[in-house]
Amino acid sequence: MIKFYSPASIGNVGVGFDVLGAAIAPIDGSFLGDIVTISPSKTFQLINKGMFSNQLPIKTNNNIVWKCWKYFCSLLKKNLPITIILEKNLPIGSGLGSSACSVVASITAMNAHFENPIKKTELLLLMGKLEGKISGSIHYDNVAPCFLGGLQLIINKNNIICQKLPIFKNWLWIIAWPGIKIATSEARTMLPMQYSKEICIEHSRYLAGFVHALYTKQPSLASQLMNDVIAEPYRIKLLPNFLKIREETKKIGAIGCGISGSGPTIFVISDNLNTAKKIKTWLNKNYLQTKKGFIHICKIDTLGTRQIG
Ligand SMILES: Nc1ncnc2c1ncn2[C@@H]1O[C@H](COP(=O)(O)OP(=O)(O)O)[C@@H](O)[C@H]1O
Ligand SMILES: N[C@@H](CCOP(=O)(O)O)C(=O)O
């Protein structure tokens with residue numbers, strides 16, 4: 001029996017639509033992500049468990065984990081008799097890379113179980129392809145940080161899919177899922193097919209400046225450059241009171257605020273734990289919409305997907 005854990009991720013990280021992604025871990029040491037357990041069995045079975053298993057497709061062959069298993073069967077040219085247990089601990093359509101978590105955890109676990117028929121360099125390509133079946137187009141800003149950990153810059157050139165960026169270790173990422181769902185595929189179709197030259201130049205300034213500020217250790221400059229001119233202007237209508245949230249959390253002391261992935265989860269950044277706790281309390285009262293909603297104070301998960309059993 002082997003068990004793998006895959007962490008939640010913040011796609012886009014505000015300023016880098018489809019090209020920045022960060023894996024996150026609650027500072028209290030709890031897991032925020034999916035867990036996949038694989039054991040040998042006479043026939044294939046997929047068992048769903050976890051707090052959000054009731055949000056998964058009813059038909060097994062609509063579960064992305066089943067699609068991952070089918071891929072391995074075609075690769076190894078046989079019907080592979082295993083039992084997969086998926087602990088679905090991330091809400092679906094949350095903006096926390098839920099489907100990416102299931103893809104990365106199941107691919108990594110199956111590859112380990114079958115003694116690594118897929119090379120590590122090819123795994124991420126496969127993960128992006130499988131995740132793309134769900135969101136309608138391939139984007140690595142969830143699967144890359146989920147698999148490799150850290151803050152990843154998606155390059156996707158000359159066989160380099162991504163590379164890890166430096167982070168500010170004292171930044172705390174408060175993530176708030178309001179308890180409602182936004183399908184990534186729908187949130188992607190909302191975006192314009194083309195952008196003006198002015199927007200392209202502005203976006204380049206922000207993204208390049210942000211990466212520069214990371215490398216030159218300028219946290220204030222980095223936080224000021226975290227502006228999303230690509231997705232936020234079009235997705236903001238899906239997030240209740242987002243602009244008010246950003247304004248009020250800034251008054252409390254936040255140094256940044258953005259949409260996590262395609263939402264509705266938001267992230268708020270603070271470099272002070274007491275301030276982070278105040279922001280969490282405020283969000284609890286003003287952003288959660290259902291009892292299922294949650295808030296976590298996180299740091300960047302530098303480990304990524306790992307074997308835990
Ligand atoms: N194991 C799985 N985990 C998450 N979503 C899954 C899984 N299997 C299939 N899906 C489908 O993928 C879609 C959710 O993907 P998406 O909107 O990208 O959510 P998220 O942003 O949380 O990944 C839903 O239609 C869901 O039914
Ligand atoms: N770059 C993607 C990120 C989607 O993240 P998710 O967690 O909402 O699936 C996008 O913004 O479409």
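Of all residues in region 108-137, count the ones that are among the β-branched types (Val, Ile, Thr), modelled with pLDDT under 95 and touching a strand residue (DSSP E or B) at 6+ places or on another chain (Cβ under 9 Å).
1
Residue-by-condition table, conditions (1) assigned to a helix (DSSP H, G or I); (2) open to solvent by 30 Å² or more (accessible area, probe 1.4 Å); (3) in contact with a Leu (Cβ under 8 Å, 6 or more places away or on another chain):
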{"residue": "ILE47", "(1), (2), (3)": "no, yes, yes"}
{"residue": "CYS68", "(1), (2), (3)": "yes, no, yes"}
{"residue": "GLY95", "(1), (2), (3)": "no, no, no"}
{"residue": "LEU123", "(1), (2), (3)": "yes, no, no"}
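None of ILE161, ILE180, ILE155, ILE138 is in contact with a Pro (Cβ under 6 Å, 6 or more places away or on another chain), away from ligand 1 (no atom under 11 Å from the Cβ) and more than 12 Å from ALA22 (Cβ to Cβ) except ILE180. Here ILE230 passes the criteria (1) more than 15 Å from ligand 2 (Cβ to nearest atom); (2) more than 27 Å from LEU273 (Cβ to Cβ); (3) part of a loop (DSSP other than H, G, I, E, B) except the one numbered (1).
Taken over region 169-227, the residue count meeting the criterion of being assigned to a helix (DSSP H, G or I), open to solvent by less than 70 Å² (accessible area, probe 1.4 Å) and closer than 19 Å to CYS257 by Cβ is 14.
Looking at this structure, is LEU86 assigned to a strand (DSSP E or B), open to solvent by less than 20 Å² (accessible area, probe 1.4 Å) and away from ligand 2 (no atom under 15 Å from the Cβ)? Judged against the criteria, LEU86 is a match.
Please tell me if PHE242 is surrounded by fewer than 21 Cβ atoms within 10 Å (Cβ to Cβ), within 16 Å of ligand 2 (Cβ to nearest atom) and under 30 Å from THR189 (Cβ atoms). In short, yes. Against the criterion of being in a helix (DSSP H, G or I) and surrounded by fewer than 18 Cβ atoms within 10 Å (Cβ to Cβ), ASN54 qualifies. All told, LEU124 meets the bar of being without any contact (Cβ under 8 Å) to a residue 60 or more places away in the chain, more than 14 Å from the chain's Cα centre (by Cα) and under 15 Å from ALA23 (Cβ atoms).
Of all residue pairs spaced 6 or more apart or on separate chains, those with beta-carbon atoms under 6 Å, a first member in region 187-213 that is touching a residue at least 40 places away in the same chain (Cβ under 8 Å) and a second member that is in a helix (DSSP H, G or I) are ALA187/ARG235; MET190/TYR234; LEU191/TYR234; PHE210/ALA222.
The values are calculated or read from the model by the stated rules, or taken from the named source; none is laboratory data. In this text the structure is predicted, and so the values were computed from the model without any measurement. We place every Cβ from the backbone using ideal geometry, glycine too, and count neighbours over all the protein chains shown. These area figures cover heavy atoms from the full protein model, side chains too; ligands, DNA and RNA do not enter into them. Shrake-Rupley method; radii C 1.70, N 1.55, O 1.52, S 1.80 Å.
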